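Scroll down for the structure; my scribbles are underneath it.
Derivation of every value follows stated rules applied to the coordinates shown; laboratory data play no part. It should be emphasised that the depicted structure is a prediction, and the values quoted were computed from it without experimental measurement. FYI the Cβ positions are ideal-geometry reconstructions off the backbone, even for glycines, and counts take in every protein chain you see.
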Amino acid sequence: MSGWEQTADTAGAVLLLLGAAVSLLGAIGMLRLPDVLSRSHAATNPQSLGMLLVLFGVALRLRSGIDLGTLGLVGFFQLLTGPVAAHLVARVAYRTGHVGRAGLLFDELDEQLSAGPRGDGGGPQGDGGRTQGAGGGPGRG
């Protein structure tokens with residue numbers, strides 16, 4: 001084993017341990033924080049960083065092209081889907097009243113929700129009030 005491989009293996013092990021520690025802190029934050037918004041923050045930010053550190057550590061250890069490509073795809077899709085899922089959870093918690101609005105600095109969503117229905121005549125789908133009929137398509141049946 002060359003000096004570069006030994007250094008890469010050591011750096012990979014350090015990144016693996018560091019990523020696991022950051023992810024553990026995020027999990028502890030999810031258990032200890034008081035409200036939904038704080039918990040969703042703890043579920044995404046430290047978890048994303050910890051996952052990236054673990055993936056970089058594994059990449060330093062594996063060093064083959066197909067493995068690096070797979071790890072890159074895993075990281076990309078985790079970074080793409082994790083924050084979106086946390087945003088949806090926070091939005092549902094807000095709409096169902098599980099968020100203490102007194103602690104919010106800005107409440108832009110309340111302004112949007114209290115404005116009433118949109119001017120395009122539709123609900124969230126914007127289909128003009130049409131529903132899917134028995135014919136299988138919008139507006140049929």
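FRET efficiency for A13 and L88, Cβ-Cβ distance as r, R0 = 35 Å, nearest 0.05?
0.45
Could you rank the peptides 95-107, 8-20, 48-60, 77-89 by their average count of other C-beta atoms within 10 Å per residue, with the highest value first?
48-60, 8-20, 77-89, 95-107
What's the FRET efficiency of D107 with M30 using the Cβ-Cβ distance as r and R₀ = 35 Å, to the nearest 0.05?
The computed FRET efficiency comes out at 0.90.
Which order do the peptides 63-69, 29-35 take when ranked by the mean count of other beta-carbon atoms within 10 Å per residue, highest first?
Packing order, densest peptide first, comes out as 29-35, 63-69.
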